[in-house]
1. Do you know the relative contact order of the chain, to the nearest whole percent, from alpha carbon pairs under 8 angstrom that are 6+ apart?
2. If you build the Cα gyration tensor of the chain and take the root of 5 times each eigenvalue, what three semi-axes come out, in whole angstrom, biggest first?
3. Taking the number of other C-beta atoms within 10 Å as the exposure measure, put Y4, Y95, Y31 in order starting with the fewest.
4. Applying 1/(1 + (r/R0)^6) with R0 = 25 Å to the Cβ-Cβ distance of V45 and E10, what FRET efficiency is obtained, to the nearest 0.05?
5. Measure off 7 Å from each Cα along the Cα-to-Cβ vector at Y95 and A76, then give the distance between these two points in nanometres to one decimal.
6. Can you list the HN-Hα couplings for region 75-83, worked out from phi with the Karplus curve (6.51, -1.76, 1.60; θ = phi - 60°), rounded to whole Hz and with x for Gly and Pro?
7. Placing +1 at every Lys and Arg Cβ and -1 at every Asp and Glu Cβ, with all other atoms neutral, what dipole size does the chain have around its Cα centre, in debye to the nearest 20?
8. Order these by the 10 Å Cβ neighbour count, fewest first: F74, F68.
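Laboratory data are not the source of any read-out in this text; all were calculated from the coordinates shown. Everything numeric here is computed off the predicted structure, so don't read it as measured data. A quick note on method: Cβ atoms are made from the backbone with ideal geometry, for glycine too, and the neighbour counts reach across all protein chains shown.
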Amino acid sequence: MKGYVVIDNEILDPEAFSEFAAKVPDAMAAYGGRFVVRGGNPEAVEGDWAPDRLVIMEFDSREQASAFAASAEFAALAELRGRALKSRLLVAEGYDPSG
């Protein structure tokens, strides 16, 4: 079953963000990740969640998504990420229609 990393970003420093965003694909590639949504101009239609910038990454499994989120490659970007943006990140399992 697919796994997803969902990130709600608020960009604090556009220059640092550009540098960070350019490095993320290499970090996630080792875990087989791909972007499903990257920015996406989110529009809140219900509730009070209004992400500035939304990112959804898809992996072949929840385990791979979790491994990416806890990886040394992603951790190596922590200082840059902290300067670039404020974010909330979660890992979720995809839907299994068989049960």
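1. Numbers: 184 pairs, mean separation 49.5, N = 99.
So the answer I get is 50 percent.
2. Numbers: eigenvalues 97, 71, 20 Å².
Square roots of five times the eigenvalues give 22, 19, 10 Å.
3. Numbers: Y4 18, Y95 8, Y31 22.
So the ranking, lowest neighbour count to highest, is Y95, Y4, Y31.
4. Numbers: r = 20 Å, r/R0 = 0.78.
Approximately 0.80, to the nearest 0.05.
5. Reported label-point gap for Y95 and A76 is 3.7 nm.
6. 4, 5, 9, 4, 5, 5, 4, x, 6
7. Numbers: 10 positive and 17 negative charges, 36 e Å.
The calculation lands at about 180 debye.
8. Details: F74 20, F68 23.
So the ranking, lowest neighbour count to highest, is F74, F68.
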